[in-house]
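Visitor: Attaching a single structure in structure tokens format; questions to follow.
The values are calculated or read from the model by the stated rules, or taken from the named source; none is laboratory data. Keep in mind it's a predicted model, so treat the numbers as computed, not measured. Note that we place each Cβ from the backbone using ideal geometry, even for glycine, and neighbour counts take in every protein chain shown.
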Amino acid sequence: MPTPTPRSPLDPSRLLVGPAVTPMAFVRAMVEAYQARGMRATRALKLAHIAPEDVRKIGARITAAQMEAVSDAAMRELDDEGLGCFARALPWGSYGMLARASLSAPDLGLAVKRWCRHHSLLTDDVRLSLEIAGDTARIAVHPDRRAQQPTEFCVVSVLRNIHGLASWYVDSRIPLRGAQFPYGAPAHVDAYAVLFDGPSAFHADHAAIEFDASYLVLPMRRDEAAMNQMLQHALPLTVRSYRRDRLLVHRVRQLLATQPMNTHNADDLAALLNVSARTLHRQLKDEGASLQALKDEVRRQRATELLLRTRRPIKQVAQDSGFQNEKSFIRAFRGWTGRSPGEWRSEQAP
């Protein structure tokens, strides 16, 4: 298909809004893709309001909007949605084709499997796979045996692409438990905390992102009309993190139940979830829940089970249920049942 016409220049005031955290190293990779084809990136840089002399500056950063603009222009001018990452170009519309091929899947797990399988139709430089171990899912990127190890820009682009698309499919931010990369920590390693919201490990055997496998059973929430609209502005999916988390309530319940001693307050719980306490409260409110209500629910269930099924002292039950002391436990239990824990246990005895 013919290369799409480049878009008109964007308002510079919009491009420069927000923090400049995206490494200029990614722009350098695009410029090198131009050079490999005997082309110049002058227009793409101008559209994104990136000074050519800044491209070679180690440590330089650009905003998310600038990254969107330069990526969009480069994909159109090079007619390569891979932006030089692979041995052969991925013509305009290639990733849209992958997204459409997965849209009819009943759940996210099958959609991701299809996306990984179909990606090999576009390029055999890398192989993608969905792997599940216990409650952890991981999307791995392996280089083909005949190909060189993929570049940093390639790895980051592929993983951000599938992570963003997966989040869009289920209308939910999918928080990462971690990410691994087959190269050493770059000079701009601090940017990885923004690119991937879980802890990042380097010098790994291959690249991968990991997340809670529970997200794989979420139903697809998008249709063809939504797909057509998204593909007109797809780049923000890979440049900007999705916000809504449809499993946040489930994950909070899980942490409260499995780590009662580490989830006494919102700050501790938020740290385990890789969000701020303020964000935690806001997102729970958006889901129609509150942290205190979830705490009460989980603690009450745990306490009643321990009182019924064990002969542990009340003080021990309080601690095992996530309370900091016996007095606060007794007060909370009276609020739930109208009885003290000891009275309630006696009443339930056969």
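Visitor: Take the range 313-329 and flag every residue that is assigned to a helix (DSSP H, G or I) and within 20 Å of Asn265 (Cβ to Cβ).
Guide: The answer is Ala318, Gln319, Asp320, Glu326, Lys327, Ser328, Phe329.
Visitor: For the range 34-54: of the residues being outside any loop (DSSP other than H, G, I, E, B) and in contact (Cβ under 8 Å) with a residue 24 or more places away in the chain, which is farthest from Glu81 (Cα to Cα)?
Guide: Asp54
Visitor: Taking the range 132-179 only, how many residues are part of a strand (DSSP E or B), touching a strand residue (DSSP E or B) at 6+ places or on another chain (Cβ under 7 Å) and over 23 Å from Met67 (Cβ atoms)?
Guide: Of the residues in that region, 8 qualify.
Visitor: So if I check each of Ser214, Ser200, which one is in contact with a His (Cβ under 8 Å, 6 or more places away or on another chain) and either touching a residue at least 60 places away in the same chain (Cβ under 8 Å) or not aromatic (Phe, Trp, Tyr) (or both)?
Guide: One residue alone meets the criteria, Ser214.
Visitor: Something else: Please state which of the following conditions Arg339 fails to meet, knowing it meets all the rest: (1) surrounded by fewer than 18 Cβ atoms within 10 Å (Cβ to Cβ); (2) under 23 Å from the mean Cα position of the chain (by Cα).
Guide: Of the numbered conditions (1) surrounded by fewer than 18 Cβ atoms within 10 Å (Cβ to Cβ); (2) under 23 Å from the mean Cα position of the chain (by Cα), the odd one out for Arg339 is (2).
Visitor: To continue, here is another question. Does Leu121 meet the test of being of a type outside the set (S, T, N, Q), at negative phi and at pLDDT 95 or above?
Guide: Against the criterion (of a type outside the set (S, T, N, Q), at negative phi and at pLDDT 95 or above), Leu121 does not qualify.
Visitor: Listed residues Leu280, Leu307, Leu294; which is assigned by TED's automatic domain parsing to the domain that holds Gln259, assigned to a helix (DSSP H, G or I) and in contact with a Pro (Cβ under 9 Å, 6 or more places away or on another chain)?
Guide: Leu307
Visitor: Name the single residue, out of those in the range 47-79 being among the charged types (D, E, K, R) and touching a Pro at 6+ places or on another chain (Cβ under 7 Å), that is surrounded by the most Cβ atoms within 10 Å (Cβ to Cβ).
Guide: Here the answer is Glu68.
Visitor: Which residues, taken from the range 189-202, are at pLDDT below 95 and part of a loop (DSSP other than H, G, I, E, B)?
Guide: The answer is Phe196, Asp197, Gly198, Pro199.
Here is a yes/no grid of residues against (1) under 30 Å from Pro219 (Cβ atoms); (2) assigned by TED's automatic domain parsing to the domain that holds Leu195; (3) hydrophobic (A, V, I, L, M, F, W, C):
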site	(1), (2), (3)
Thr42	no, no, no
Val55	no, no, yes
Glu68	yes, no, no
Phe86	no, no, yes
Ala101	yes, yes, yes
Asp107	yes, yes, no
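Visitor: Further question: Between Leu269, Leu216, Leu255, Leu237, which is modelled with pLDDT under 85 and in a helix (DSSP H, G or I)?
Guide: After applying the criteria, what remains is Leu237.
Visitor: Here's another thing I want to ask about it. Looking only at the range 67-78, decide whether some residue is in a loop (DSSP other than H, G, I, E, B) and closer than 18 Å to Met39 by Cα.
Guide: No, the conditions are met nowhere in the range 67-78.
Visitor: Listed residues Ser129, Ser120; which is part of a strand (DSSP E or B), surrounded by fewer than 20 Cβ atoms within 10 Å (Cβ to Cβ) and of a type in the set (S, T, N, Q)?
Guide: None of the other options fit; the residue is Ser129.
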